[in-house]
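Undergrad: Take a look at the following structure, please.
Values quoted throughout were computed directly from the atomic coordinates according to the rules given, and no laboratory measurement underlies them. Small disclaimer: the values here were computed from a predicted structure and weren't measured. No Cβ is skipped: glycine too gets one built from the backbone with ideal geometry, and neighbour counts run over all protein chains shown.
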Amino acid sequence: MQILMFGPPGSGKGTYGSKLSAKFGIPHISTGDLVRDEIKNETEMGKRINDYSSRGLLVPDSVMCQLLQKRITQPDCTGGFILDGFPRTISQAQELEKMSTTDLVINVQVPDAVVIARLGSRLTCRSCGAIYNELFLKPRVSGRCDKCDGQLYQREDDRPSVIQQRLELYQKQTQPLLEHYERKNQIRNITNNQANVPPEEVVEEIVKIIQSDSN
Ligand code: AMP
């Protein structure tokens, strides 16, 4: 099973993707995490892409496709995966089609105001990448990750000025992808109008959609 999670930054797709991963026993692959790992590990590629990422710009397609190919050819991906943050351009979608077959695209629709509220209070674990929120999804101990006790921080690209830019970029570059997958009849929409809907409720809805599609 190969599912793509679509939605603007801060739509909750990362949180939903990781919960779906646990439910279906397939990995959740966030290309944002792949990018951050390269930067954190100070690899050659990490040095090249750091500037794009910290300014909220898209990393070049060729680099992203290379990173993704490396990840999805790992043994844990043989039963499928949940992809979050990829593709972001038509060219990436075409490359993905050469690498594997997509079953469904879950499109999380969230108003800009909700995105801004969510991202402005989002916290990320420096060690394992787990996501929390100061308002809606608090860690058990303030500033520490529930899963690995890593330090929580506000991502460079979650600053208000960068959020606005990422939203504009999403509209401009990623929306045409919806039309691409619409033509293939693979889009399933989930609407989330409020910032504080428990992720479990949304995930339950997504699971129903996936199951009804596979019947
Ligand atoms: P995200 O966590 O998905 O918001 O991604 C964080 C950053 O990683 C983005 O702002 C981009 O700089 C980079 N990135 C992640 N996925 C992609 C992608 N599919 N194409 C280009 N850049 C990406």
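Undergrad: Can you compute the modelled spin-label distance between Val63 and Gln109, with each label point 7 Å from Cα toward Cβ, in nm?
TA: My value for the distance between the label points is 3.4 nm.
Undergrad: Between the alpha-carbon centers of the range 90-129 and the range 141-209, tell me the distance in whole angstrom.
TA: If you average the Cα positions of each part, the centres end up 5 Å apart.
Undergrad: Quantify how much of the Cα-Cα distance distribution of the chain extends past 24 Å, in percent.
TA: Roughly 40 percent, once rounded to a whole number.
Undergrad: From the Cα gyration tensor of the range 157-201, with a ≥ b ≥ c the square roots of its eigenvalues, which class applies: rounded if a/c is under 1.5, or else prolate if a/b is larger than b/c, or else oblate?
TA: Numbers: a/c = 3.54, a/b = 1.16, b/c = 3.06.
It comes out oblate by the Cα gyration axes.
Undergrad: Which three numbers, in whole Å and largest first, are the semi-axes of the equivalent ellipsoid of the range 18-112 derived from its Cα gyration tensor as √(5λ)?
TA: 22, 16, 14
Undergrad: Expressed as cubic angstrom per residue, what is the convex hull volume of the alpha carbon set of the range 58-175?
TA: So the per-residue Cα hull volume is 137 Å³.
Undergrad: Give me the net charge for the shell around Leu58: Cβ to Cβ below 11 angstrom, other residues only, Lys and Arg +1, Asp and Glu -1.
TA: +3
Undergrad: Just going by the charge dipole of the chain, with Lys and Arg at +1 and Asp and Glu at -1 on Cβ, which of Cys145, Ser100, Gln74 is farthest out on the positive end?
TA: Checked the options; the winner is Cys145.
Undergrad: Sticking with this structure for a sec: Counting only DSSP beta bridges with both residues in the range 1-156, tell me the antiparallel percent, nearest 5.
TA: Close to 40 percent.
Undergrad: Ok, one more. List the GluC sites (Glu not before Pro) within the range 76-153 that DSSP assigns to loop and that have no more than 16 neighbouring Cβ atoms inside 10 Å.
TA: Listed in order of number, the matching sites are Glu134.
Undergrad: Let me ask you something else. Ser214 label point, 7 Å along Cα→Cβ, cut-off 13 Å on backbone N: hits in the range 44-81?
TA: In the range 44-81, the label zone of Ser214 (backbone N under 13 Å from the point 7 Å along Cα→Cβ) covers 79-81.
Undergrad: Given a 10 angstrom Cα cut-off, can you work out which residue in Pro198, Pro75, Pro111 is the most mobile in a GNM of the chain?
TA: Of Pro198, Pro75, Pro111, the Gaussian network model singles out Pro75 as fluctuating most.
Undergrad: Also, I was wondering about something else. Sorted by mean Cβ packing within 10 Å, highest first, what order do the peptides 68-74, 14-20 take?
TA: Final packing ranking: 14-20, 68-74.
Undergrad: Is any residue of the range 85-113 close enough, with backbone N under 17 Å, to a label point placed 7 angstrom from the Cα of Asn185 along the Cα-Cβ axis, and if so, which?
TA: So the set is 102-106.
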